[in-house]
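Okay, structure first, notes after.
The values are calculated or read from the model by the stated rules, or taken from the named source; none is laboratory data. Source: prediction; values computed, not measured. Virtual Cβ from ideal backbone geometry, glycine too; neighbours counted across all protein chains shown. What goes into the accessible areas is simple: the full protein's heavy atoms, side chains included, and nothing from ligands, DNA or RNA. Shrake-Rupley method; radii C 1.70, N 1.55, O 1.52, S 1.80 Å.
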Amino acid sequence: MPAPVQDQYDSLYSNFRWHVPDFFNMGHECCGKWAHDRSRVALYHELDSGAREKFTFHQLQQRANQLSNALAGLGVKRGDRVAIVLPQLPETIVAHIAIYQMGAVAMPMSVLFGPDALEYRLQDSRAAAALVDAVSLANLAPVRERCPQLASVIAVGANALLQGVAVLGWNALLARHSTAFTAVKTRAEDPALLIYTSGTTGPPKGAFKPHRVLIGNLPGFVASQNWFPQEGDVFWSPADWAWTGGLMDALLPTLYFGRPIVANMAKLQGSTNARFNPEKAFELMEHYGVTNTFLFPTALKMMMKAVQHPRTRYKLKLRAVMAAGEAVGETVFNWAQQELGVTINEMFGQTEINYVVGNSHEKWPARAGSIGRPYPGHRVAVIDNVGREMPRGTSGEVAVNRYDMHGFPDPVFFTGYWNNDAATAGKYTGDWCRTGDEAIMDADGYLWYQGRADDMFKAAGYRIGPSEVENCLVKHVAVANAAVVPSPDPERGNVVKAYIVLVPGMQPSRDLIDSIQKHVRGQLAPYEYPREIEFIEQLPMTTTGKVQRRVLRLQEAERKKQLVPAPTPHKEPT
């Protein structure tokens, strides 16, 4: 177990100052500035077939220059949106660098999106071009004609026809263009990214992000990765590069510091249970000597249950693990210390304001179950409905101020929601940007996550957050993962219901339900134990690795509604 560390937090936080230059371009900062060194490795890529290849910053920059020239030739201008619907591929990195350095706006989207999801975002953003793989091309085909402003589609892999319109092949297109390109000079405030994020209600919103947001992410990235970079650091994460987690917590910061990142598509991309292979994850980290990683708590739970004593089976070089997306919980936290020899640095953030709270074990003590303290440069508080800071030890909504502790603008902030001023205004109370997540801040400034505001519920008059119950459930030897939601009850209003994924080899039974319930009753308050338990093969997950409790809540409400007998018709006496 790692030795205790001296708490350096107060000094680091109070002495921190932002340095945001007038001109800043993520493409140059993440590749161009390193490209003169023709031997500096940027990417290790492992294919489904098991074949391996590597790319230098110089090689990626050459291809990015070709793509910038190609897009310009197709009419893409500064400020135009360009969709990137690609998984973890070398071409994905090339696309981002090319779009940034020509002053256009990258719009990453998951390859898991179906036709409707693609259509909505392409129409709403008025994207001028799209870069796709074979899977994305098939999903784009049915809606291509309903996206008239999408002038060009470039496919990685082959030429094709899409609804009668020629699709440009990536390799053939790039081969026609020069490897020389003069990058435009962008201001730090100029737009660089448009990432759509789904709220709990209403259609997805596009978070518009300028180049400076990368600077805003760096303190948290450096701290959560135990003062990255260090000599020999290699980064890997299964997080989809289409999302803020994969892009801003893994890919771009790693390249910014000139260190290599590992990309792998062999049943690792995405974050659903069906696609993440914990054994393969360990093998990958061993082969490439991965030192730093970002893993979703769901992935960590699967690794914990699947591999006993991993350091006896694999030669690991891990020195830092960051986790985000869901609460890690004490069980996984302790397992990582004991079995990986690493203290997990939990992190909290959102697409709109990413990497604002977390831990940095080597600089301040991590506390099991806490998501950490505000990272240097970010002013974070727990507030009430009208924007007043709550007393320490009191639950409220996590919020981030537009200005840091010294009164200067925080560069991590998004510009606003694309074409949605009302939603942008609704995100703020004064200078506080509300997250929709509830937490308690203790006397030392550590935040203790309570759950999404819309995931909290009352049962028999008691307010319950799912995280504490789920963490307790995972401690049971038979439970691989769990999600807790309210189940409507005529007497108590709601009762606690747990959807449980069992570890391989375990079978559902009445005795097992009793065992799980007894386990929770012995550790939590009597009103928190799950009165109802349902075993399922896998939990509904977002492509960003979060449990979709809303899906389960709606499912449970509908099930209970069907169980209620219809009222007996009233008859007047004759």
Name the pairs whose Cβ atoms lie under 8 Å apart, with the first residue in the stretch 241-264 and within 25 Å of GLY50 (Cα to Cα) and open to solvent by less than 10 Å² (accessible area, probe 1.4 Å), the second at pLDDT below 95 and β-branched (Val, Ile, Thr), and 6 or more positions between them or separate chains?
-> ALA242/VAL111; ALA242/THR543
Across the stretch 499-525, which residue is least open to solvent (accessible area, probe 1.4 Å) among those that are among the charged types (D, E, K, R) and modelled with pLDDT of 90 or more?
-> ASP514
Among VAL484, VAL496, which is of a type outside the set (D, E, K, R), in a strand (DSSP E or B), open to solvent by less than 20 Å² (accessible area, probe 1.4 Å) and closer than 26 Å to GLY349 by Cα?
-> VAL484
Residue in the stretch 149-182 that is modelled with the highest pLDDT, counting only those that are open to solvent by less than 50 Å² (accessible area, probe 1.4 Å) and assigned to a loop (DSSP other than H, G, I, E, B) | LEU150
Here the residues within the stretch 298-324 that are open to solvent by less than 30 Å² (accessible area, probe 1.4 Å), free of Cβ contacts under 8 Å to residues at least 60 places away in the same chain and closer than 20 Å to ASN345 by Cβ are LEU300, MET303, MET304, PRO310, LEU318, VAL321, ALA323
Being of a type in the set (Phe, Trp, Tyr) and surrounded by fewer than 24 Cβ atoms within 10 Å (Cβ to Cβ) is the filter here, so list the residues in the stretch 334-348 that pass it.
-> TRP335
Among the residues listed as GLN6, GLN66, the single one being surrounded by 13 or more Cβ atoms within 10 Å (Cβ to Cβ), among the polar types (S, T, N, Q) and more than 24 Å from VAL213 (Cβ to Cβ) = GLN66
Are any of the residues in the stretch 215-236 open to solvent by 10 Å² or more (accessible area, probe 1.4 Å), touching a strand residue (DSSP E or B) at 6+ places or on another chain (Cβ under 7 Å) and not aliphatic (A, V, I, L, M)?
-> no
Among the residues of the stretch 526-541, which ones are surrounded by 18 or more Cβ atoms within 10 Å (Cβ to Cβ) and acidic (Asp, Glu)?
-> GLU528
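Within the stretch 296-332, work out how many residues are more than 19 Å from the chain's Cα centre (by Cα) and either charged (D, E, K, R) or not in a loop (DSSP other than H, G, I, E, B) (or both).
Qualifying residue count for the region: 12.
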List the strands (runs of 3 or more DSSP E) that sit entirely inside the stretch 402-474 and contain at least 2 residues that are open to solvent by 50 Å² or more (accessible area, probe 1.4 Å) and not small (Gly, Ala, Ser).
-> 447-452, 462-464
For the stretch 15-56, enumerate the residues that are among the acidic types (Asp, Glu), more than 24 Å from VAL105 (Cβ to Cβ) and either in a loop (DSSP other than H, G, I, E, B) or more than 25 Å from the chain's Cα centre (by Cα) (or both).
-> ASP37, ASP48, GLU53
Could you pull out the residue among ARG434, ARG452, ARG492 that is within 30 Å of ALA188 (Cα to Cα), among the basic types (Lys, Arg) and touching a Lys or Arg at 6+ places or on another chain (Cβ under 9 Å)?
-> ARG434
VAL82 fails exactly one of (1) of a type outside the set (Gly, Ala, Ser); (2) in a strand (DSSP E or B); (3) within 22 Å of LEU47 (Cβ to Cβ), namely (3)
Using beta carbons and a limit of 7 Å, which pairs, at least six apart or on different chains, have the first residue in the stretch 388-415 and on the phi > 0 side of the Ramachandran plot and free of Cβ contacts under 8 Å to residues at least 12 places away in the same chain and the second one open to solvent by 40 Å² or more (accessible area, probe 1.4 Å) and part of a strand (DSSP E or B)?
-> none
Residue in the stretch 356-366 that is within 16 Å of MET441 (Cα to Cα), touching a residue at least 24 places away in the same chain (Cβ under 8 Å), among the β-branched types (Val, Ile, Thr) and crowded, with 23+ Cβ neighbours inside 10 Å present | yes
Answer with yes or no whether VAL82 is of a type in the set (A, V, I, L, M, F, W, C), over 27 Å from the mean Cα position of the chain (by Cα) and at negative phi.
-> no
Has the stretch 91-111 got at least one residue that is within 18 Å of LEU150 (Cα to Cα), assigned to a helix (DSSP H, G or I), open to solvent by 20 Å² or more (accessible area, probe 1.4 Å) and not charged (D, E, K, R)?
-> no
Could you tell me which of the residues ARG52, ARG81 is touching an Asp or Glu at 6+ places or on another chain (Cβ under 6 Å) and either aromatic (Phe, Trp, Tyr) or open to solvent by 10 Å² or more (accessible area, probe 1.4 Å) (or both)?
-> ARG52
Scan of the stretch 276-297 for residues that are open to solvent by less than 10 Å² (accessible area, probe 1.4 Å) and of a type in the set (Phe, Trp, Tyr), ordered by number = PHE282, PHE294
